[in-house]
Amino acid sequence: MTAVLVVGGGGREHAMCHSLARSDRVERILVAPGNAGTAGEERCENVAVGVGDVAGLVALAERESVDLVAVGPEAPLAAGLADALEAVGIPAFGPGAAGARLEASKAYCKTFLDALGIPTGSSVTFHEAAPALAYLDRLPSVPVIKASGLAGGKGVVVAETRDEAAAAIRAMLADGRFGDAGREVVVEERLRGVEVSVLAFCDGADFAVMPAAQDHKRLLDGDAGPNTGGMGAFVPSPVATGELLDGVGDRFIRPTLEALGEAGTPYRGVIYFGLMLTAAGPKVLEINCRLGDPETQAVLPLLEGDLFEIMAACATGSLGGLSVEWSRSACTTVVMASAGYPTAPARPAPITGLDQAAAEGCVVFHAGTDRTGGVTLATGGRVLAVTALGSTLENATERAYAGVEAISFEGAHYRRDIGRPSPGAATGAAPLPKAAGR
Ligand code: AMP
Ligand code: GLY
């Protein structure tokens, strides 16, 4: 009997479970800790082990003799979950701590990219406020301030003014906001352009690039308000042409995997390049060591192959023998969040309309949900990702919004412009520079 353990409890993990449940080869899916949506998927059962409990997750995988552990979030990967699983002979979909460091330390990531000549904004890393503030004064334009460590997607301040940038530096380096994650700070050139997320399955040497996604990071329509984990996403990105993706594969992903392989730490799982398509070509904003959330909710529904087979091939170094196929349709996912997201928690509130959304042809992935007494409750943060396929992006987006409109819960907030590429998209982007790096 083939059993998989999925680690995580968000919309991304629900989408992983939904795809894995469609594999003929998977008989049992355990999800730690999961949510109300994963509990309702065929062959899935939630297990109350938290994503921070590395020893508990390894013990669960051993006790249940799982064949594969598919890890959703970055924190357990950075804490060495994949290494600990490898040590007991259980294949893991997700890199070891050495690979995850590309996400867990932005300072290391910048050094890594610069060493390989992969284009990224120029930056300097600081450990004390005074020299960082002095550097800020000398810069010709306002930079982006980044807590180097993992800060749950909240450690990046895209400042509009010098005062705001200075306040972010002080908050991180003098006042200890973000704790350890903010003890090292990257002061980075602000890049302008259209943002795309390019993700690839990797098996340590070979890789398969997924259709590119665009994520809407800001809380409010028209890209206003604070950055969030992501308020919606769509695939494919109209600006990420096949040529661009081939270039990113050859010039960004391949050298990254080669460098990690040569260091004796082959990278297995998903590598996620957050790119800014600038007038000077694509530049790296960040590398993540995992599937994106909510990109996954819009990418996986387009996968035509068997997700289990692909994940197992990544974990065991045999991806090269597989052909990973994607539908040519489009997919849009709209996040419905609780009032107060991303700062304040919300009171649990019953959700209605989930069946009507399904009748509209949507798949509703759960994140902040719970089920008690037969009622599905919104428990705060990003609650649902309402997802629909369509023959065109417009079509997929229209369907997703029909689902969103059928659903309600107290304080529900969602953007009304998901799936509508930002105005910058119309300007297109310059191609990859011809001879940068290797
Ligand atoms: P990161 O976690 O580094 O990707 O940052 C989160 C978000 O902040 C990104 O998705 C961008 O929207 C924005 N961001 C990060 N770095 C920059 C940059 N150098 N220039 C402009 N925006 C940025
Ligand atoms: N959607 C952005 C991320 O997953 O990091």
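Values computed for the structure shown
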read-out	value
Selection from segment 325-348 of residues that are surrounded by fewer than 19 Cβ atoms within 10 Å (Cβ to Cβ) and farther than 16 Å from Thr397 by Cα	Glu325, Trp326, Ser327, Ala339, Gly340, Pro342, Thr343, Ala344, Pro345, Arg347, Pro348
Test for Gly204: is it in contact with a Gly (Cβ under 9 Å, 6 or more places away or on another chain), at pLDDT 95 or above and either closer than 19 Å to Pro73 by Cα or not basic (Lys, Arg) (or both)	yes
Test: residue in segment 219-230 that is more than 16 Å from ligand 2 (Cβ to nearest atom), in a strand (DSSP E or B) and without any contact (Cβ under 8 Å) to a residue 24 or more places away in the chain	yes
From the options Ala59, Ala82, Ala70, residue that is surrounded by fewer than 24 Cβ atoms within 10 Å (Cβ to Cβ) and of a type in the set (A, V, I, L, M, F, W, C)	Ala59
Residue within segment 174-183 that is over 26 Å from Ala97 (Cα atoms), within 12 Å of ligand 1 (Cβ to nearest atom) and part of a loop (DSSP other than H, G, I, E, B) present	no
Identity of the residue in segment 278-311, part of a strand (DSSP E or B) and away from ligand 2 (no atom under 13 Å from the Cβ), that ends up nearest to Phe201 (Cα to Cα)	Leu303
Tabulated pairs, segment 171-188, first free of Cβ contacts under 8 Å to residues at least 24 places away in the same chain, second in a helix (DSSP H, G or I), C-beta under 8 angstrom, 6+ apart or interchain	Ala171/Gly182; Gly176/Gly182; Arg177/Ala171
Residues that are among the β-branched types (Val, Ile, Thr) and within 15 Å of Pro91 (Cβ to Cβ), drawn from segment 30-76	Val58, Val66, Val69, Val71
The lone exception for Val158 - which of (1) under 28 Å from Arg415 (Cα atoms); (2) more than 10 Å from ligand 1 (Cβ to nearest atom) it fails	(2)
Test set (1) surrounded by fewer than 24 Cβ atoms within 10 Å (Cβ to Cβ); (2) in contact with a His (Cβ under 8 Å, 6 or more places away or on another chain); (3) in contact (Cβ under 8 Å) with a residue 40 or more places away in the chain - Gly37 fails condition number	(1)
Residue within segment 328-339 that is under 14 Å from Thr228 (Cβ atoms) and within 16 Å of ligand 1 (Cβ to nearest atom) present	yes
Single residue of segment 184-196 satisfying the filter (under 21 Å from Arg138 (Cβ atoms) and among the hydrophobic types (A, V, I, L, M, F, W, C)) that is farthest from ligand 1 (Cβ to nearest atom)	Val185
Filter result (within 11 Å of ligand 1 (Cβ to nearest atom) and touching a helix residue (DSSP H, G or I) at 6+ places or on another chain (Cβ under 9 Å)) within segment 224-237	Gly230
Candidates Ala171, Ala240, Ala130, Ala159 - the one that is surrounded by 15 or more Cβ atoms within 10 Å (Cβ to Cβ), at pLDDT 95 or above and among the small types (Gly, Ala, Ser)	Ala171
Verdict on Ala240 being over 25 Å from Ala367 (Cβ atoms), in a loop (DSSP other than H, G, I, E, B) and away from ligand 2 (no atom under 16 Å from the Cβ)	no
Odd one out for Gly249, checked against (1) away from ligand 2 (no atom under 13 Å from the Cβ); (2) touching a strand residue (DSSP E or B) at 6+ places or on another chain (Cβ under 6 Å); (3) within 22 Å of Asp83 (Cβ to Cβ)	(3)
Qualifying residues in segment 255-292 (those that are surrounded by fewer than 19 Cβ atoms within 10 Å (Cβ to Cβ) and of a type in the set (S, T, N, Q)) - the one nearest to ligand 1 (Cβ to nearest atom)	Thr278
Of residues in segment 85-100 being in contact (Cβ under 8 Å) with a residue 60 or more places away in the chain and part of a helix (DSSP H, G or I), the one surrounded by the most Cβ atoms within 10 Å (Cβ to Cβ)	Ala100
Yes/no for Asp203 being touching a Cys at 6+ places or on another chain (Cβ under 7 Å) and not small (Gly, Ala, Ser)	yes
Segments classed as strands (runs of 3 or more DSSP E), wholly inside segment 1-73, with at least 1 members that are under 24 Å from Leu377 (Cα atoms), modelled with pLDDT of 95 or more and touching a Ser or Thr at 6+ places or on another chain (Cβ under 8 Å)	3-8, 28-33, 44-46
Strands (runs of 3 or more DSSP E) wholly inside segment 312-397 that include at least 3 residues being of a type in the set (Val, Ile, Thr)	330-337, 382-390
Residue that is nearest to Val185 (Cα to Cα) [pool: residues in segment 114-146 that are within 25 Å of the chain's Cα centre (by Cα) and of a type in the set (Gly, Ala, Ser)]	Ser123
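The values are calculated or read from the model by the stated rules, or taken from the named source; none is laboratory data. This structure is a prediction, so every number in the text was calculated from the model and none was measured. Don't worry about glycine lacking a Cβ; one is built from the backbone with ideal geometry, like all the others, and counts go over all protein chains shown.
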